[in-house]
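These notes concern the structure reproduced below.
What follows draws every value from the coordinates through simple rules; no lab data is involved. Please read all numbers here as calculations on a predicted model, not as lab measurements. FYI the Cβ positions are ideal-geometry reconstructions off the backbone, even for glycines, and counts take in every protein chain you see.
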Amino acid sequence: MSELPDPVTAADLPSAGPSRRKSRKGLLACLLLLWIVLGAAVITGIFLGQTTGWHYDPIPLATSLQYAVPASHPPDAPETRKLLLKQAKALKKTRPRKVFVVVDRVHNQLDLRDGDQVLLKAVISCGAGSVLEDQKSGRKWVFDTPMGRFRVVNKRSNPRWTAPDWEYIETNEPLPRSYSDRVQEGMLGEYALDLNLRGYMIHGTLYSRLLGRSVSHGCIRVGRDDLRVLWKRVPIGTDVFIF
Amino acid sequence: MIQNRTGARPEGARSVLRSGAFWWLGILLLLPSACGRQDVPDAAPAPDAARQVQAELLRGELAGGGQYYYELRLAEKRIHLCHSGISIRHYAFSDPRLGSSRLANLSRQRDEPWLYRVWRGTFLEPANSLQRKQIIPGDERTRPTPGAAGVIPPTMEELIPVPDDFRIQCPEGLAILVHLNGPIPYTFVEESPWAKRWRNFQEAFQWEGPDQIRLRLEMDGATGAAFFRSYAEKPDLLIIL
């Protein structure tokens, strides 16, 4: 009869306690380290977030000349006087002499000014800023009122309008064969003031209910009464500032 | 030698004490006035002849350029849109401030003069781009007629959205931040405060120091929107007192 082996007791097993404890300790140490790293990162982030960035202090006007470029021209020097005189002469030529027109394209407003004095304020219609493309020819038009300084070069009463190609393309109509077919009466109102930019003018409108909105093809449309004032007070050669 | 430390004080010590008392009295008298100091209005100094000449020369140079330009007048607190030496429009602002970049609380500023100087070719960021409409040939809706009401066409105010914070940038190293207060008429774009903070943080996080001079202005919504929408193409900017 064979003998049965002795039952295995816990004491006979290889001792697992200390190594398990060690690995648990290692894990805890890792977790702690992770927490420390994370905490440090968060604290650094908060610190940098609070202490890094652009900040703005009031400009002390009384001492603001410290930020100025050093004056290069001594005020009493003869060369400076000469330079100023030369500049004043040049400015006299470039400045508008009498009345001038200011056109605000964004707010559809026109001011007739004499220096700082406003003689007339009118609600107008400027360029719609829309785009038209002719699929057949590939031509493209952008209906903006141009920005800059212009001049009234011609004044016309009961003006006729020679419709350009875009007028027919926009309405999907065939282009007229003869020039006379393009001429339309009454479209520009009672008067037209031509600018020194081909095709652009200040004129009246049939669409008076749309004054104040950007609907034109680049011209400046004015209501009937305001146009009458402009006709009277704006001579040829008047400067027109469009912005 | 042993000095007598008792009895009446010598004359020298008395005078020292007296003068000390006077000092204390003086300090006590000055203290309330120092603590309760009234804010002296921050008035701009009257520009001297040299500055006036400098401003005139710069203005003259810009006026002869035949282009739109802006004049930022700090003391007047207005930005003028000018052409040929005349002011076409002006826009009021408030609270002009000078920026400095901070990195971990270390304040850094670009040390370069920015006043009485022309800053060339400025532009807006974000740009005042127009949301253009495409005309469909033959479509009456995109083309109003005198008789029919049609669709009311949009205005430029509706076509150009305005952000509540924008900047005038200059490639030469200047940025003017414009913050709009109050309602902005018609279309506008609003950036989240967190996005603004993050951008502010990112822009300051440069080891080599700030690459630009920064100013900050505030405008009311309507004025700022008008300024933004009408901003000229690459205008020069003159900053004067």
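Annotations
- Sorting B:S192, B:S100 by the number of Cβ atoms found within 10 Å of their own Cβ, with the fewest placed first, yields B:S192, B:S100.
- The stretch A:38-132, relative contact order in percent, only Cα pairs under 8 angstrom and at least six apart counted: 12 percent
- Rounded Å value of the spacing that divides the Cα centres of the stretch B:179-220 and the stretch A:49-126: 26 Å
- Whole-Å semi-axes of chain A's equivalent ellipsoid (Cα gyration tensor): 79, 38, 16
- Taken about its Cα centre, the stretch B:62-111 carries a charge dipole of about 180 debye when Lys and Arg each add +1 at the Cβ and Asp and Glu each add -1 at the Cβ.
- Total lysine pairs whose alpha carbons fall under 20 Å of each other in chain A (8 or more apart, or interchain): 8
- Placing unit charges on the Cβ atoms only, positive for Lys and Arg and negative for Asp and Glu, gives chain A a dipole magnitude near 1340 debye about its Cα centre.
- Where only alpha carbons of the stretch B:59-189 are counted, the Rg and the Dmax (Å): 20.1, 68
- Sorted by Cβ density within 10 Å, fewest first, the residues A:L227, A:L112: A:L112, A:L227
- Based on Cα contacts under 8 Å between residues 6+ apart, chain A shows a relative contact order of 21 percent.
- Chain A - mean residue ellipticity at 222 nm from DSSP helices (-39,500 (n - 2.57) per run, n ≥ 4, rounded to 500): -9500 deg cm²/dmol
- This model, with +1 at the C-beta of Lys and Arg and -1 at the C-beta of Asp and Glu, gives the stretch B:158-241 a dipole about its Cα centre of some 100 debye.
- Entry note, the stretch A:104-190: relative contact order of 20 percent, from Cα contacts under 8 Å with a spacing of 6+ residues.
- The stretch between B:E218 and B:N105, if pulled fully straight at 0.36 nm per residue, gains 38.2 nm over its current Cα-Cα span.
- Degrees, to the nearest 10: A:224-233 long Cα axis against longest axis of chain A: 70 degrees
- Chain A: angle of helix A:78-94 to the longest principal axis, Cα-based, in degrees nearest 10: 70 degrees
- Residues A:E173, B:E157, A:E185 arranged by fewest to most Cβ contacts within 10 Å: A:E185, A:E173, B:E157
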